[in-house]
Amino acid sequence: MNQERQQEQQEQDETRLEPESALPAYPGLKRQQIYMVEDAASLQYARTQLQCASILGFDTETKPVFQKGQKSEGPHLVQLATETQAFLFPLTTALQAESIDVIRQLLEQPAIQKVGFGLVDDLRHLKSKFGIVTANVLDLARVMRESKQRDMGVKAAVAKYFGMQMSKSKKTSTSNWAQHPLSEKQIFYAANDAHVALLVYLHWRELKSKALAA
């Protein structure tokens, strides 16, 4: 997530975008579209819904470390989203082992594409901590970059492709993602990070397809 936070700072200097004050707020998901995977029933529902998708929005959250030399113990949360729902898998509960099994099946499945912004650290941590070797993952920050010097972050992408301002609270992004239960602000933040990545990708892919067909 360090890469994503760096992108958030860089986005303040993005050019060719309307000023944030001129953009309408990005609405995001409604609470009833967000599922906390915390018991056997919600895990089974998440597995069923996510396995049916051909493309998933993807992200992780990790409790930040603030002391030099301190090692991160994350990820503490994995987010996967379809076009209409987001599923949050806290990896700090008694359901951790079962959740990891489902996450592994989805992330290692080459038939399901996973898309997100700034995924380098996310993938590295999943591999080092859980041995998950992801397949068919597309980092939109790199694919959508407009220059060799800068990756595009999610806020800049939402502004460019949807003409909206996506709120990205630094206080929430650097909050304790290992806590249980998560706050409502954390839940919305995490769910929308994964969900909007999918929507941006689908829109971007459609634009590219139309451009090639023209």
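The values are calculated or read from the model by the stated rules, or taken from the named source; none is laboratory data. This is a predicted model, so every value here is computed, not measured. As a convention, Cβ positions derive from the backbone with ideal geometry for all residues, glycine included, and neighbour counts pool all protein chains shown.
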From (1) farther than 11 Å from Thr60 by Cα; (2) assigned to a loop (DSSP other than H, G, I, E, B); (3) in contact with a helix residue (DSSP H, G or I) (Cβ under 8 Å, 6 or more places away or on another chain), pick out the condition that doesn't hold for Pro75. (1)
Could you tell me whether Gly57 is surrounded by 15 or more Cβ atoms within 10 Å (Cβ to Cβ) and assigned to a loop (DSSP other than H, G, I, E, B)? no
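Would it be correct to say that Val102 is touching a residue at least 40 places away in the same chain (Cβ under 8 Å), of a type outside the set (D, E, K, R) and in a strand (DSSP E or B)?
Values: touching a residue at least 40 places away in the same chain (Cβ under 8 Å): yes; of a type outside the set (D, E, K, R): yes; in a strand (DSSP E or B): no.
No, not satisfied.
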Which listed residue is modelled with pLDDT of 95 or more and either surrounded by fewer than 21 Cβ atoms within 10 Å (Cβ to Cβ) or of a type in the set (Ser, Thr, Tyr) (or both), from Glu146, Glu108: Glu108
Tabulated pairs, the stretch 166-177, first closer than 17 Å to Gly153 by Cα, second of a type in the set (A, V, I, L, M, F, W, C) and buried (at least 18 other Cβ atoms within 10 Å of the Cβ), C-beta under 7 angstrom, 6+ apart or interchain: Met166/Val154; Met166/Val158; Met166/Val196
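Quick grid of which residues meet (1) touching a strand residue (DSSP E or B) at 6+ places or on another chain (Cβ under 9 Å); (2) among the small types (Gly, Ala, Ser); (3) at pLDDT 95 or above; (4) within 25 Å of His125 (Cα to Cα):
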{"position": "Tyr26", "(1), (2), (3), (4)": "yes, no, yes, no"}
{"position": "Gln32", "(1), (2), (3), (4)": "no, no, yes, no"}
{"position": "Ala41", "(1), (2), (3), (4)": "no, yes, yes, no"}
{"position": "Thr60", "(1), (2), (3), (4)": "yes, no, yes, yes"}
{"position": "Pro64", "(1), (2), (3), (4)": "no, no, no, yes"}
{"position": "Ser72", "(1), (2), (3), (4)": "no, yes, no, yes"}
{"position": "Leu80", "(1), (2), (3), (4)": "yes, no, yes, yes"}
{"position": "Thr84", "(1), (2), (3), (4)": "no, no, yes, no"}
{"position": "Ala94", "(1), (2), (3), (4)": "no, yes, no, yes"}
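Would you mind stating whether Trp177 is over 20 Å from Val137 (Cβ atoms) and either surrounded by 15 or more Cβ atoms within 10 Å (Cβ to Cβ) or among the basic types (Lys, Arg) (or both)? Give the steps one after another, and end with the answer.
Numbers: over 20 Å from Val137 (Cβ atoms): yes; either surrounded by 15 or more Cβ atoms within 10 Å (Cβ to Cβ) or among the basic types (Lys, Arg) (or both): yes.
Considered against the rule, which asks whether it is over 20 Å from Val137 (Cβ atoms) and either surrounded by 15 or more Cβ atoms within 10 Å (Cβ to Cβ) or among the basic types (Lys, Arg) (or both), Trp177 comes out as yes.
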Single residue of Ala97, Ala157 found to be in a helix (DSSP H, G or I), of a type in the set (A, V, I, L, M) and under 21 Å from Pro181 (Cα atoms): Ala97
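Against the condition closer than 22 Å to Ile34 by Cα and among the small types (Gly, Ala, Ser), how does Ala159 come out, does it pass?
Here the answer is no, as Ala159 does not meet what is asked.
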Of the residues Leu95, Leu91, only one is without any contact (Cβ under 8 Å) to a residue 40 or more places away in the chain and more than 27 Å from Met144 (Cα to Cα); which? Leu91
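Confirm whether Val65 is surrounded by 12 or more Cβ atoms within 10 Å (Cβ to Cβ) and part of a strand (DSSP E or B). Please lay out each step first, then the result.
Numbers: surrounded by 12 or more Cβ atoms within 10 Å (Cβ to Cβ): yes; part of a strand (DSSP E or B): no.
So Val65 does not fit the description; no.
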Looking at (1) of a type in the set (Lys, Arg); (2) outside any helix (DSSP H, G or I); (3) without any contact (Cβ under 8 Å) to a residue 12 or more places away in the chain, can you tell me which one Arg150 breaks? (3)
